[in-house]
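Novice: Sharing a structure here in structure tokens format.
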There are 4 protein chains.
Amino acid sequence: MALNIPKYTPPDFNQEIFINAPNATLVEVVKDGVSPANYHALSVFPEYFKINNKWVLATESRMDTVCVAYDEMGKESVNIVEFRNLKVGDKVVIGRTEDGSQGIYMYTQGFVNKSHDSDTFAFRSGRSRETAFSIDYDQLYEILKHEKAKNGYVTWVLGTAISLDEDTRNAMERLIREGYVNAILCGTSLAAFDLECGTFGTTWGQKVFRREQNTYENYYETINMVREAGSIESFVKSGQVKDGIMKACVECNVPFVLASTVRDRFTLPGTYDNVYEAQNAMRKHARKTSTIIMVSTILFTIATGNMTPSYNEFDGVIRPVYMYTVDIQEFAVNKLADRGTLTATSVVTNTQDFVKNIGRALA
Amino acid sequence: MALNIPKYTPPDFNQEIFINAPNATLVEVVKDGVSPANYHALSVFPEYFKINNKWVLATESRMDTVCVAYDEMGKESVNIVEFRNLKVGDKVVIGRTEDGSQGIYMYTQGFVNKSHDSDTFAFRSGRSRETAFSIDYDQLYEILKHEKAKNGYVTWVLGTAISLDEDTRNAMERLIREGYVNAILCGTSLAAFDLECGTFGTTWGQKVFRREQNTYENYYETINMVREAGSIESFVKSGQVKDGIMKACVECNVPFVLASTVRDRFTLPGTYDNVYEAQNAMRKHARKTSTIIMVSTILFTIATGNMTPSYNEFDGVIRPVYMYTVDIQEFAVNKLADRGTLTATSVVTNTQDFVKNIGRALA
Amino acid sequence: MALNIPKYTPPDFNQEIFINAPNATLVEVVKDGVSPANYHALSVFPEYFKINNKWVLATESRMDTVCVAYDEMGKESVNIVEFRNLKVGDKVVIGRTEDGSQGIYMYTQGFVNKSHDSDTFAFRSGRSRETAFSIDYDQLYEILKHEKAKNGYVTWVLGTAISLDEDTRNAMERLIREGYVNAILCGTSLAAFDLECGTFGTTWGQKVFRREQNTYENYYETINMVREAGSIESFVKSGQVKDGIMKACVECNVPFVLASTVRDRFTLPGTYDNVYEAQNAMRKHARKTSTIIMVSTILFTIATGNMTPSYNEFDGVIRPVYMYTVDIQEFAVNKLADRGTLTATSVVTNTQDFVKNIGRALA
Amino acid sequence: MALNIPKYTPPDFNQEIFINAPNATLVEVVKDGVSPANYHALSVFPEYFKINNKWVLATESRMDTVCVAYDEMGKESVNIVEFRNLKVGDKVVIGRTEDGSQGIYMYTQGFVNKSHDSDTFAFRSGRSRETAFSIDYDQLYEILKHEKAKNGYVTWVLGTAISLDEDTRNAMERLIREGYVNAILCGTSLAAFDLECGTFGTTWGQKVFRREQNTYENYYETINMVREAGSIESFVKSGQVKDGIMKACVECNVPFVLASTVRDRFTLPGTYDNVYEAQNAMRKHARKTSTIIMVSTILFTIATGNMTPSYNEFDGVIRPVYMYTVDIQEFAVNKLADRGTLTATSVVTNTQDFVKNIGRALA
């Protein structure tokens, strides 16, 4: 199965409607973290803003945030900013139309292949447990091989179950070591369970994989030990961890972001306990991601899906960002699809099997 | 991972309570399909009935049915019969105690290993999507190898999705051809989808696996064609089917039972449209099953789970029947577990992945 | 909230394309229960067939079945028939286009209100547990009042849980007695649980509502008793049942159809054990239904949804059939919606609460 | 239905095993936020610690945290502290047995009524969509009336859907105004949706309740407006909010805690963006709660369930804390039950209907 990345065709800005359109209206922020009224909120589609009579594409975009424009003559640019991060003096694009008539143009046809059939970039809707998924797996394998070969940036958003199951954890470790993982975003518990297993050979709420003893205390003991060591990196380097996901990340220099939730009573060093700081750290990876695989809870999947652009610019080329959402519930995978994400492929299964499938196919 | 089939220790009938117990009370049926009041309903556990002062074990048992006793001196025996199948003159065991005091003894300790740890035959409860399943897969692979080697009887209860996904259908075909399948119980749609795919290369409600055309009409065309051919066997032998599950069954002499539901507007020849006849045909396989794998809808899984004994006698040895229930919903897998099935192992995942996993491991 | 039933605007058959269209091709059935190839399968939309140069509307339609035409001059008519019910000599409409060019016209715009907003007959898509349902309940209450006042035909498809919960069972009984129920389609277990509760005061798998004793044997005892009585009607009339759904049906002359599944070991007299006979009995009600409320398992909901026309003719007027699907899983309610049902309103909740809500609002 | 609060019977500390038991071993913390190894983790049951030869009960307990003991002679006491909140010098109880032999006693029989049937404080297990819930609702109504009459402390943990549905939001507002709510814990989005509806009359991602316009921008406009006003209280007092949950809270002095998650791009003033601070604020309410109703996402339900003691001391009397968990998924409600919570009652339904039921019954 050959990989056929959709080509991007920019709008023709020589059309009358674009030439005659006014510049986008800009209004300055007067209080930090408060937007002017009537702001324009970004969508998942490519959007252009007319600034000093130039149409500027928003890259590294994010849905439901605002556009801050920089209109120094000759260096027109835009930055897509969360409301909370607005600063006094930022010039925010104002307006509620998206057809160019207010200097704002949302472009839905960029990846539509006119000569060919329209299926090249179609979202196969109505995913359920009964959808046949073989073709999606095949395509994903091709994408991951492509990303590895062409310096893509593959971000994985992982849920706790990935480090609880033996074969799944092994598959994930191999994928990291073989170069299919450029960043991991997850909760503190995935890392702690993984380190517990690598240190004590036990897993939470169960006996060891071969079920000889019940050892849930080891989870907190592990966090205590890492806290004493000062960081996950130094704990791994101390030699106490014999295998696993975190060890592979440290040894292969794969960055990870650990984000907290209100469920977490006790977190590993380096975990972001402030959700805004966590998002800022996560979005650093989302901004440069070319493929994202979300195998986590609804919370993390939606959080990351929302901040990942559906298209982006790589080496000067506009390309869709491939997005895979995996969950055992239709509700969860459809929640992201409902928001209009262009390139999301949903798979309804247990995330353990999803990761094992990829591990078997590639690493 | 070595397979360790639990050994059965019969009760010690030399104990006072058994010696002093009366014979079971028997009351004759006076109207077909109507039981005497105060009947004894079977459980999932081994049960013994005292007849002419002999304790007789019920084999090929079924929960929530009644025990018909044959008390010709020297040839005491029992048969476990559904209420609907009771005939005038059948002698039904009466009573509501199970401790022997009415000649009825339910034995819950037969597979408990007293010298060892109790885990050898434990039901790991509270299964959910977050349970680590590697160990269950490993055990299942060992069981299937054992059954193949030792003339076991492996029954598969399959849901429609199994024939809709390309890799899953291929895995199932290989498992049949490699000898891991002794009987298949399913709905008419699994067979029809499989035959459609083997004949037209298309699948229901979708385009073909490679998605070139939308072809749902082929489903009914296929059924029409098989009806014209007279049977699935003759249709397969006509050479029009190029691959698939049904073809493998016909070529490998693996029996299949097709049962209808009220959803089926149009069924393949050989499908049981009467649910009682369907159950009778299914129970013929359930009675001799040593391992059953239920990868179907809740309806078929519960139907089959209910009629499959949790233990049985093979070559004179009492052994548990291994039972695997797979569903994407905890609700479904727990429904069977709640009914007290002894040996049920639940796996929460998409059934496509479950079958593919087994296919990769064994065939 | 006023009820505004969408008006139907028939196609304008004076247009060239309709005048110039050929009559529909008819091919005779040569074997019972086998259709000619290349048949036309019905959709959920209104469809017209050109016979002897007249365009005839299919009423009492059913998706995925075929059209049998009667072309006696001056008495042109059509009947929508399941494949299995085709008889030798039936003239089946052939063709795979729906734009009139083969004498087959599928009409998607009949209920679209051109002058007004398009919302009057819109399907609110993407239903999930998070959808706000107040407005749907309000509309349903208006519909049910209208149906009661105007001799509508309200069919309820009920799941077992309706007779297991005390308040829900009471609500259903009141709705029957108050005239909001014209027919009930269900499994044998709903009726048996209801009769058990009305006779013994107990419910399956639980203690009584106030939980004093565990009494699951009473379920089968009840079926035995009704079998002895000969029918549900005669059992109710014997005075042994003190309250409940079945008693209300018998006393108010509300017909019910009991259909079996392969799970049913033992059924009440009058239950259809053959699924084709069951469907024929169910479709008698579906053909005349003006509103259908499906509060059952996926199996019965899909079965009934498939056989219920999305529009029909009442007193000479073409009207949509209102269809409510209730389930706790998005998967279930979306399965019917995916099939293109025009007027389906999905509610994602526990069916107990759904019935209690209606009971409180109306009866 | 009369409310029968289980009585607590303390252990008999005159028994030999208690008299002979040693004092609990205490080890000092040497680094903030790091526990000594081999700590004792609290359970959901009442636990006693032997300090200076006195057995001290832990109140305001929390599962999976540690016990810090204060052993000044004559003023022995304990405090249950999260690992992260440990300070240098804190004396932590060490040990892995719970039978008294290390000065640690976990008491599972405190609420068991020996003379009566054991049902008075039983957890009805195996809850599913098919469980009959009428009796649970009836009991809950009695509990809420009791709490209102006797100065109980009822904490509600609310999910976003509660403010999206019209009837549900109205029911919640009435319950607050009628005195059935002592504290609300929720995410920022519930409050923002509620305020949007109270201000603009619109709701997120939908048209207004009567569906005339699509207005999702109003959500962020609302947050901007509250930020300008400085706080929810001042925004409500400005008179711009015409109804709703937040308005009722402000006017009735019902405290609320808003906690962030990584999904929140933009939060209302007063929202805790640091998850530890959020938990500390939430636990202030959990410590004094007598009944808690969790109608939220899994995340908030587990977070709160974990920090709420299953028993507590009110006016000198040890009493169970009533805990209701509501979710549309069995997985969610069972997750808390699996952790051993004593008094949790699970209801499987849409939370909208749950709140509407209570609203109709009480307010």
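Novice: Go over the candidates C:Ala192, C:Ala171 one by one and state the one that is over 23 Å from C:Arg227 (Cα atoms) and in a helix (DSSP H, G or I).
Specialist: Numbers: C:Ala192 fails: over 23 Å from C:Arg227 (Cα atoms).
Of the residues listed, the single one that is over 23 Å from C:Arg227 (Cα atoms) and in a helix (DSSP H, G or I) is C:Ala171.
Novice: On to the next question. Which members of region D:270-286 meet the condition of being open to solvent by less than 30 Å² (accessible area, probe 1.4 Å) and not in a helix (DSSP H, G or I)?
Specialist: Taking region D:270-286 and keeping what is open to solvent by less than 30 Å² (accessible area, probe 1.4 Å), we get D:271, D:275, D:278-279, D:281-283, D:285-286.
Selection gives D:Thr271 alone.
Novice: Only one of D:Thr325, D:Thr267, D:Thr289 is assigned by TED's automatic domain parsing to the domain that holds D:His146, in contact (Cβ under 8 Å) with a residue 24 or more places away in the chain and in contact with a Lys or Arg (Cβ under 8 Å, 6 or more places away or on another chain); which?
Specialist: Details: D:Thr325 fails: in contact with a Lys or Arg (Cβ under 8 Å, 6 or more places away or on another chain); D:Thr289 fails: in contact with a Lys or Arg (Cβ under 8 Å, 6 or more places away or on another chain).
Only one candidate passes the filter, namely D:Thr267.
Novice: Filter region A:123-161 down to the residues that are open to solvent by 20 Å² or more (accessible area, probe 1.4 Å), modelled with pLDDT of 90 or more and within 20 Å of A:Ser296 (Cα to Cα) and list them by number.
Specialist: Passing the criteria: A:Tyr141, A:Tyr153, A:Thr160.
Novice: Check region B:224-235 and report whether any residue there is part of a helix (DSSP H, G or I), open to solvent by less than 10 Å² (accessible area, probe 1.4 Å), of a type in the set (S, T, N, Q) and within 20 Å of C:Asn85 (Cβ to Cβ).
Specialist: Checked against the condition, which is being part of a helix (DSSP H, G or I), open to solvent by less than 10 Å² (accessible area, probe 1.4 Å), of a type in the set (S, T, N, Q) and within 20 Å of C:Asn85 (Cβ to Cβ), region B:224-235 yields at least one hit.
Novice: Which one of the conditions (1) open to solvent by 20 Å² or more (accessible area, probe 1.4 Å); (2) modelled with pLDDT of 95 or more does A:Thr267 fail to meet, given that it meets all the rest?
Specialist: Of (1) open to solvent by 20 Å² or more (accessible area, probe 1.4 Å); (2) modelled with pLDDT of 95 or more, only one is false for A:Thr267: (1).
Novice: For the subset of region A:248-286 comprising residues that are more than 7 Å from chain D (Cβ to nearest Cβ) and acidic (Asp, Glu), which member is nearest to A:Leu185 (Cα to Cα)?
Specialist: My answer is A:Glu277.
Novice: Which residue pairs have Cβ atoms closer than 8 Å, lie 6 or more positions apart in sequence or on different chains, and pair a first residue in region A:128-152 that is without any contact (Cβ under 8 Å) to a residue 12 or more places away in the chain with a second residue that is β-branched (Val, Ile, Thr)?
Specialist: A:Glu130/B:Thr160; A:Ala132/B:Thr168; A:Ala132/B:Thr203; A:Ser134/B:Thr168
Novice: While we're looking at this one, here's another question. Checking the conditions here, which among A:Ala41, A:Ala24 is among the hydrophobic types (A, V, I, L, M, F, W, C) and over 29 Å from the mean Cα position of the chain (by Cα)? Give the steps one after another, and end with the answer.
Specialist: On the way: A:Ala41 fails: over 29 Å from the mean Cα position of the chain (by Cα).
Result of the check over A:Ala41, A:Ala24: A:Ala24.
Novice: Kindly provide the set of residues from region D:55-89 that are more than 14 Å from every other protein chain (Cβ to nearest Cβ) and acidic (Asp, Glu), ordered by number.
Specialist: The answer is D:Glu60, D:Asp71, D:Glu72, D:Glu76.
Novice: Looking at this structure, is C:Ile245 of a type in the set (A, V, I, L, M, F, W, C), surrounded by 21 or more Cβ atoms within 10 Å (Cβ to Cβ) and in contact with an Asp or Glu (Cβ under 6 Å, 6 or more places away or on another chain)?
Specialist: Details: of a type in the set (A, V, I, L, M, F, W, C): yes; surrounded by 21 or more Cβ atoms within 10 Å (Cβ to Cβ): yes; in contact with an Asp or Glu (Cβ under 6 Å, 6 or more places away or on another chain): yes.
Yes, satisfied.
Novice: If you don't mind, another one. For region C:42-54, give me each residue that is out of contact with any Ser or Thr (no Cβ under 7 Å at 6 or more places or on another chain) and within 14 Å of chain B (Cβ to nearest Cβ).
Specialist: Once the filter is applied, which keeps residues that are out of contact with any Ser or Thr (no Cβ under 7 Å at 6 or more places or on another chain) and within 14 Å of chain B (Cβ to nearest Cβ), region C:42-54 yields only C:Ser43.
Novice: Select from region D:301-315 the residues that are charged (D, E, K, R) and in contact with a Ser or Thr (Cβ under 6 Å, 6 or more places away or on another chain) and list them in ascending order. Outline the logic, then answer.
Specialist: Taking region D:301-315 and keeping what is charged (D, E, K, R), we get D:313, D:315.
Correct list: D:Glu313 only.
The values are calculated or read from the model by the stated rules, or taken from the named source; none is laboratory data. Quick caveat: nothing in here was measured; it's all calculated off a predicted structure. In this analysis, Cβ positions are derived from the backbone assuming ideal geometry, glycine residues included, and neighbour counts consider all displayed protein chains. For the accessible areas, the whole protein counts, side chains as well, though only heavy atoms, and no ligand, DNA or RNA atoms are used. Shrake-Rupley method; radii C 1.70, N 1.55, O 1.52, S 1.80 Å.
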